[in-house]
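To start, the structure under review is shown below, and the notes come after it.
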Amino acid sequence: MVVIKPKTKVVFFVTNLDSGGIENYLLRFLDKFSDEFSEVLVFCKSGRGGELENRYVKLKNVRLKKIKVGNFNLLHYLRLYFWFRSHRDYVVCDFTGNFAAPVIAMAKLSCLKKRVVFYRSSSNRFVETKLKLWINAVYNRIVVKSATSILANSNFALSFFFGSQLDRRFKVIFNGLDVEQFVDSQTDLRGELNISSADFVIGHTGRFNPAKNHLTIIETARKIILIHPNVKFILCGRGVMERLKDPIERLGLSNHFYLFDNRDDIPEVLNTCDAYFFPSLTEGQPNSLIEAWIKGIPFVASNIPPIRDIAPVEFHRYLVDPMNSDVQASKLIEIVEGAFGEEDQQNLRNWAKSTFNAELRFLEFYRELIL
């Protein structure tokens, strides 16, 4: 007689469902694997959903739960404890790094057997004060004592948060992307945007956030355009149009910029680009940059450790100080003038397709949840 193991129930904890690295990663994962679970709950700790909510609820077996869980509210912890007591047969996975501590602690007290914390950032993303760092350290110790698996998407993240004191629970799982979605797409936006074949287009995809360093992108663009006035820039992401329109107009660069909020046609945006610029100040593992790599697009990016750790050594010459607009402009001008050749593009494309293949990387994550 063949015994069929019942499918796993899982609850994923996120802050909300606004478009961001965590939310898009989980959406992509569930698009591939939601059917492998008997039930999937996506628990929004802010008490609200977000821009991606409609896409989540369309996935098979996926339900949303929006309940406020504050970091310092004992009543919220107590409510969460009792909620877990009635969901002991679930696997719990929290994507909020050290701030998963209250959730994972309540899950342990409630006797949930599988408790996973996934670190999606490579450093602290708050203004550091003595009090906040002390709380963060306490939360970190709670995670170590309460989690049965601790995952990160880069070695640098594990090193930053846990030093060298790692055990078998710790594992790096790279991001997974739907490679075919980017490879199969051949259309671009040049006709729609009236961009001529003589124009050289540099792109950036990502929401407006100080860590994304958009103001440096504008300053670097100004220096490039002085030398190559045929260069255009496409920037898209939540808040980009609202926050960047005025500074671009003040510099007299409006004719060189195309600004968009969230778009669903990122492969077509990337097909429009001749180069990609990514000067982030901090990252976990940058999906936006990896998407450009999958397309084999010549790039200049930050030399911060999370990017340097995953970029092939042969392309480290295109990783520069994220605040040095002079060097950034110089490197991008080299690319405009043909420095990043066809062979480089093909090597980059092949490496990215094999390294970040969704089937491989999402399967790694799925196994961490069920085994």
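The values are calculated or read from the model by the stated rules, or taken from the named source; none is laboratory data. This is a predicted model, so every value here is computed, not measured. Methodologically, a virtual Cβ is constructed for each residue, glycine included, from the backbone with ideal geometry; neighbour enumeration extends over all protein chains shown.
The table that follows gives values for the structure above.
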item	result
When residues of region 203-254 are limited to those that are assigned to a loop (DSSP other than H, G, I, E, B) and hydrophobic (A, V, I, L, M, F, W, C), the one nearest to ILE333 (Cα to Cα)	LEU253
Exclusive hit being assigned by TED's automatic domain parsing to the domain that holds ARG168 and within 30 Å of SER280 (Cα to Cα), set SER86, SER149, SER110	SER149
Residue match in region 214-237 (condition: touching a His at 6+ places or on another chain (Cβ under 7 Å), more than 30 Å from ASN350 (Cβ to Cβ) and β-branched (Val, Ile, Thr))	yes
Criterion: among the aliphatic types (A, V, I, L, M), part of a strand (DSSP E or B) and surrounded by 14 or more Cβ atoms within 10 Å (Cβ to Cβ) - qualifying residue of VAL103, VAL40	VAL40
Residues of region 345-359 that turn out to be out of contact with any Pro (no Cβ under 7 Å at 6 or more places or on another chain) and surrounded by 14 or more Cβ atoms within 10 Å (Cβ to Cβ), as a count	9
The lone exception for LEU166 - which of (1) closer than 19 Å to PRO306 by Cα; (2) in a helix (DSSP H, G or I) it fails	(2)
Residues of region 137-165 that turn out to be over 24 Å from LEU112 (Cβ atoms) and at pLDDT 95 or above, as a count	1
Residue in region 11-22 that is of a type in the set (Ser, Thr, Tyr), in the same structural domain as LEU59 (by TED's automatic domain parsing) and at pLDDT 95 or above present	yes
Cβ-Cβ under 6 Å pairs, at least 6 apart or on other chains, region 45-68 side in contact (Cβ under 8 Å) with a residue 24 or more places away in the chain and outside any strand (DSSP E or B), far side of a type in the set (Gly, Ala, Ser) and surrounded by 16 or more Cβ atoms within 10 Å (Cβ to Cβ)	GLU51/SER19; LEU52/SER19; LEU59/SER34; LYS60/SER34; ASN61/SER34
Qualifying residues in region 123-152 (those that are among the polar types (S, T, N, Q) and either in a helix (DSSP H, G or I) or touching a helix residue (DSSP H, G or I) at 6+ places or on another chain (Cβ under 8 Å) (or both)) - the one nearest to LEU369 (Cα to Cα)	SER149
